[in-house]
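Beneath this line is the structure, given in structure tokens, with notes to follow.
The values are calculated or read from the model by the stated rules, or taken from the named source; none is laboratory data. Keep in mind it's a predicted model, so treat the numbers as computed, not measured. Remember, those area values only see protein heavy atoms, side chains included, never the ligands or the DNA or RNA. Shrake-Rupley method; radii C 1.70, N 1.55, O 1.52, S 1.80 Å.
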Amino acid sequence: MDLNAIFMTFFIITTLVSFAYPSLGQEDVDDEPLVKSGQEMDAVEAISPASQDYNMYMLENLPPKFTTYLENCMDKMGPIFRRCNEDVIEEILTKKPVSRECCMKVVKAGKECYMEIRKLMFRFYQLKRFASQVSFRTNEVWDRCSSEVKNSSSSHDD
């Protein structure tokens with residue numbers, strides 16, 4: 001066999017394996033935080049005048065029924081909503097777990113509310129660059145919180 005045939009055989013086998021097992025050629029990035037805590041997270045949260053205009057325009061163009069729905073969701077979480085919302089976003093981006101108190105508020109609001117608020121948050125200018133990467137992590141945070149709340153309530157039932 002000449003060198004060309006060996007190269008072509010190797011190339012074809014590698015291509016077939018990569019189609020059959022696409023995850024073999026990819027690094028597992030789900031374990032890595034999207035943003036590092038601290039200064040990098042502060043930079044993500046920074047608001048410029050242009051981003052503020054974008055955010056206001058986006059909010060003003062939401063359907064009124066959806067806006068009312070989101071407001072009701074936020075009300076379910078009570079006055080702690082703002083802090084917990086920021087903590088949940090930070091967990092999604094940095095994997096820094098939110099408190100049990102925030103988990104309880106998130107679960108109290110319900111999964112549908114939680115998911116819709118997350119979708120909205122990742123439409124904001126500062127966070128929209130992460131929107132395509134956070135779906136799995138958003139579910140992970142929900143699963144962790146609901147499991148934590150479920151476990152703490154069942155331990156109180158004993």
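Within the full protein context, the accessible area of ARG129 is estimated at about 150 Å² for a probe radius of 1.4 Å. Per residue, the range 44-158 exposes an accessible area of 60 Å² to a 1.4 Å probe, with every protein chain left in place. For GLU60, the solvent-accessible surface with a 1.4 Å probe is about 130 Å², rounded to the nearest 10.
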